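Engineer: Pasting a structure below so you can have a look.
The values are calculated or read from the model by the stated rules, or taken from the named source; none is laboratory data. These figures come from a predicted structure and were not determined experimentally. Virtual Cβ from ideal backbone geometry, glycine too; neighbours counted across all protein chains shown.
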Amino acid sequence: MNEVNLSKHFTSDTILVGIGNLLRGDDSFGPILIKKLQNRTSLQLIDAGSAPENFLESICKLSPQKIIIADAVNLDSPVGSLHFLAPDQLQTCTFSTHGPSIDMFVSLLNQMTDAQIHIMAVVPQSTELGQPLSGPVQSAINNLTNNISQLHPLQS
């Protein structure tokens, strides 16, 4: 995972939304990250799976100041590398399994909330059906889990 200043992106009022399909290899990045962070961080976490539009109401009810969407994104970078993208950068990226759905989801979030929205993208090796999670993406998930849980630990 490349060096990214997570404290700049994750504040106490951040909602982390994981998007992806557990059956498609590295596309499972978002949901697996959310699962690993449960009971380890004070951040609001939402596993939106492969139909994030179904979670718009739940997200809006939380009145977020910041929304970070964790997803696998095909970029011209090494597998497992992490990038924070602004919504206007989405048009220059090729998304793996969501098609226009991610664009629509972000557009609706922009209309329905006043939140700052960023995409925390990991570069996948494979998003083919039935493929396992690659080593570099698993490593990125482990590093993010440790770093986010240290930045925003679960309050006892």
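Engineer: For region 11-36, which residues satisfy the criterion of being of a type outside the set (A, V, I, L, M, F, W, C) and either part of a strand (DSSP E or B) or farther than 14 Å from Val123 by Cα (or both)? Before the answer, list the steps.
Structural biologist: Restricting attention to region 11-36, the residues satisfying the condition of being of a type outside the set (A, V, I, L, M, F, W, C) are 11-14, 18, 20-21, 24-28, 30-31, 35-36.
Residues satisfying the conditions are Thr11, Ser12, Asp13, Thr14, Gly18, Asn21, Pro31, Lys35, Lys36.
Engineer: Suppose the filter is closer than 19 Å to Ala140 by Cα, touching a strand residue (DSSP E or B) at 6+ places or on another chain (Cβ under 9 Å) and modelled with pLDDT of 95 or more; does Ile19 pass it? Walk me through it before giving the result.
Structural biologist: Details: closer than 19 Å to Ala140 by Cα: yes; touching a strand residue (DSSP E or B) at 6+ places or on another chain (Cβ under 9 Å): yes; modelled with pLDDT of 95 or more: yes.
For Ile19, the condition - closer than 19 Å to Ala140 by Cα, touching a strand residue (DSSP E or B) at 6+ places or on another chain (Cβ under 9 Å) and modelled with pLDDT of 95 or more - is met.
Engineer: Looking at Met120, Met104 in this structure, which one is modelled with pLDDT of 95 or more and either under 21 Å from Thr14 (Cβ atoms) or part of a helix (DSSP H, G or I) (or both)?
Structural biologist: Among Met120, Met104, only Met120 is modelled with pLDDT of 95 or more and either under 21 Å from Thr14 (Cβ atoms) or part of a helix (DSSP H, G or I) (or both).
Engineer: Does Ile67 meet the test of being at pLDDT 95 or above, within 13 Å of Phe105 (Cβ to Cβ) and not in a helix (DSSP H, G or I)?
Structural biologist: Numbers: at pLDDT 95 or above: yes; within 13 Å of Phe105 (Cβ to Cβ): yes; not in a helix (DSSP H, G or I): yes.
Criteria met by Ile67.
Engineer: In region 37-64, which residues are touching a residue at least 60 places away in the same chain (Cβ under 8 Å) and in a loop (DSSP other than H, G, I, E, B)? Before you say what the answer is, go through the steps one by one.
Structural biologist: Initial filter on region 37-64 (touching a residue at least 60 places away in the same chain (Cβ under 8 Å)): 37, 39-43.
Answer for region 37-64, where residues must be touching a residue at least 60 places away in the same chain (Cβ under 8 Å) and in a loop (DSSP other than H, G, I, E, B): Asn39, Arg40, Ser42, Leu43.
Engineer: Oh, and also: Restricting to region 117-156, count the residues that are hydrophobic (A, V, I, L, M, F, W, C), touching a strand residue (DSSP E or B) at 6+ places or on another chain (Cβ under 7 Å) and surrounded by fewer than 18 Cβ atoms within 10 Å (Cβ to Cβ).
Structural biologist: 1
Engineer: Which of the residues that make up region 32-49 are more than 13 Å from the chain's Cα centre (by Cα) and either among the acidic types (Asp, Glu) or on the phi > 0 side of the Ramachandran plot (or both)?
Structural biologist: Asn39
Engineer: Shifting gears a bit: In region 129-143, is there at least one residue being modelled with pLDDT of 95 or more, among the small types (Gly, Ala, Ser) and farther than 18 Å from Leu33 by Cα?
Structural biologist: No - not one qualifying residue is present in region 129-143.
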